[in-house]
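Only one structure is covered here, and it is reproduced in the block below.
The values are calculated or read from the model by the stated rules, or taken from the named source; none is laboratory data. The shown structure was predicted, so the numbers you read here are calculated from the model rather than taken from an experiment. A quick note on method: Cβ atoms are made from the backbone with ideal geometry, for glycine too, and the neighbour counts reach across all protein chains shown. With ligands, DNA and RNA removed, areas are computed over all heavy atoms of the protein, side chains included. Shrake-Rupley method; radii C 1.70, N 1.55, O 1.52, S 1.80 Å.
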Amino acid sequence: MIDLRSDTVTKPSRAMRQAMFDAEVGDDVYGEDPTVNHLEARAAEITGKEAALFVPSGTMGNTIGVKVLTEHGQEVIADSRAHLIDWELSMTPWFSGCQIRTIETTDGILTWDQVRGMIKPVTFNAAPTGAITLENTHNMGGGRFYPQSVIDEICDGAHEMGVPVHMDGARVFNAAAASGRSVREIAAKVDTLTFCLSKALGAPMGSMLVGSRALMNKARLLRKRLGGGMRQAGVLAAAGLIALEQGPDELPNDHANARFIASQIEKLPKVKVIPAVTNIVVFDISGTGLAPREISARLKERGVLMNGFNDRMMRALTHRDVTREQCATAMAEFAAVIQ
């Protein structure tokens, strides 16, 4: 089966499995798991932040990242198609007590001009702005990444107005690979950053939240409240370390495969594709007269897994467990299904 549903479907490599088997462990709730401590130290070093926290999922990372920056009764600014809104079970209002103020964009990339006009001060009538969130790369935007100048301008402007910035960097290493910049540079001015070990980097589970030491001390308490005290978590952190150290080197190949998929879809007259810039290919199949669910079912019968996310859009994600030859096979089957 050729699985293009997500980069979360990768299986742990042999090196990861061996590292998990050999992992030195302790009770992480007591701060005594040496492998978790090593992973957190490396994540902080690579991103240029003071401290890091290992969490089970990206949703938990974003939930805590927003919570440590905000107070109940505030607003959080986000793009209207942000993962924070569509795919995280309303955790921002549920846990942080903040409503989300959305901004419409064409490609998922906010600008300072858009954000500035939405920031609200403390008054007796409107909820003040507690934080701004940036999604980099942007999932529903077809894997687009933020230009560095835009990140810096938003952060500088927001900080001048006393508003912190959280980056949902689930695939920030893809942004780094595509832009030629380091994650440290990309995240230099954001207050908190979440990135996934379990997506493009290929670990079986886990995400990292990074920021100042004071914020991460608060975050550790919130992780416990959300049930994230994982005890002897070194067996998981060991795979995360392999992903963190080795995973980024494989991302350019994923991006090349995504561009190949997009080039094949462009040849199909009934489908419109968004140009692929990282490992996510998003395309409109409404011209085929078929529903995404129907196409997915037909592809599955032919040995290809690919999902839709509304009544007209589908996506394909490349990852280390899918070869160029398998991408070619998948596109041939897709072309046959929609004819």
**Asked** Would you call Ala239 small (Gly, Ala, Ser) and open to solvent by less than 10 Å² (accessible area, probe 1.4 Å)?
**Response** yes
**Cβ pairs under 8 Å, 6+ apart, first in segment 307-318 and in contact (Cβ under 8 Å) with a residue 60 or more places away in the chain and among the hydroxyl-bearing types (Ser, Thr, Tyr), second part of a loop (DSSP other than H, G, I, E, B) and open to solvent by 50 Å² or more (accessible area, probe 1.4 Å)** = none
**Message:** Looking at segment 97-136 only, could you name the residues that are of a type in the set (Ser, Thr, Tyr) and either under 21 Å from the mean Cα position of the chain (by Cα) or not in a strand (DSSP E or B) (or both)?
**Reply:** Thr102, Thr105, Thr106, Thr111, Thr123, Thr133
**Message:** Looking at Pro248 and the list (1) touching a helix residue (DSSP H, G or I) at 6+ places or on another chain (Cβ under 7 Å); (2) under 16 Å from Ile46 (Cβ atoms); (3) open to solvent by less than 10 Å² (accessible area, probe 1.4 Å), which single condition is not satisfied?
**Reply:** (3)
**Asked** Of everything in segment 139-178 that's in a loop (DSSP other than H, G, I, E, B) and among the small types (Gly, Ala, Ser), which residue is surrounded by the most Cβ atoms within 10 Å (Cβ to Cβ)?
**Response** Gly169
**Any chance Phe283 is surrounded by fewer than 16 Cβ atoms within 10 Å (Cβ to Cβ), touching a strand residue (DSSP E or B) at 6+ places or on another chain (Cβ under 7 Å), farther than 16 Å from Thr10 by Cα and in contact (Cβ under 8 Å) with a residue 12 or more places away in the chain** = no
**Asked** Which pairs do you get when a residue that is in contact (Cβ under 8 Å) with a residue 12 or more places away in the chain, found in segment 219-230, comes within reach of a residue that is surrounded by fewer than 18 Cβ atoms within 10 Å (Cβ to Cβ), reach meaning Cβ atoms under 6 angstrom, with the pair 6+ apart or on two chains?
**Response** Gly229/Val29
**Request:** Just give me the residues in segment 271-280 being at pLDDT 95 or above and either at positive phi or open to solvent by 50 Å² or more (accessible area, probe 1.4 Å) (or both), in sequence order.
**Result:** Lys272
**Item:** Lone qualifier among Gly73, Gly108, Gly58 - being of a type outside the set (Asp, Glu) and farther than 24 Å from His159 by Cα
**Value:** Gly58
**Asked** Regarding Ala233, is this residue free of Cβ contacts under 8 Å to residues at least 24 places away in the same chain, open to solvent by less than 10 Å² (accessible area, probe 1.4 Å) and more than 20 Å from the chain's Cα centre (by Cα)?
**Response** no
**Asked** Can you name the residue in segment 101-120 that is of a type outside the set (Val, Ile, Thr) and free of Cβ contacts under 8 Å to residues at least 24 places away in the same chain and, of all such residues, is surrounded by the most Cβ atoms within 10 Å (Cβ to Cβ)?
**Response** Gln114
**Asked** For segment 9-23, what are the residues that are open to solvent by 70 Å² or more (accessible area, probe 1.4 Å) and in a helix (DSSP H, G or I)?
**Response** Arg14, Arg17, Gln18, Phe21, Asp22
**Request:** Would you point out which residue out of Arg298, Arg320, Arg302 is at negative phi, within 25 Å of the chain's Cα centre (by Cα) and at pLDDT 95 or above?
**Result:** Arg320
**Asked** Just for segment 314-330: of the residues that are open to solvent by 10 Å² or more (accessible area, probe 1.4 Å) and not in a loop (DSSP other than H, G, I, E, B), which one is nearest to Val273 (Cα to Cα)?
**Response** Arg315
**Prompt:** Among the residues of segment 179-190, which ones are out of contact with any Lys or Arg (no Cβ under 9 Å at 6 or more places or on another chain) and either within 17 Å of Phe54 (Cα to Cα) or in a helix (DSSP H, G or I) (or both)?
**Reply:** Ser179, Val183, Glu185, Ile186
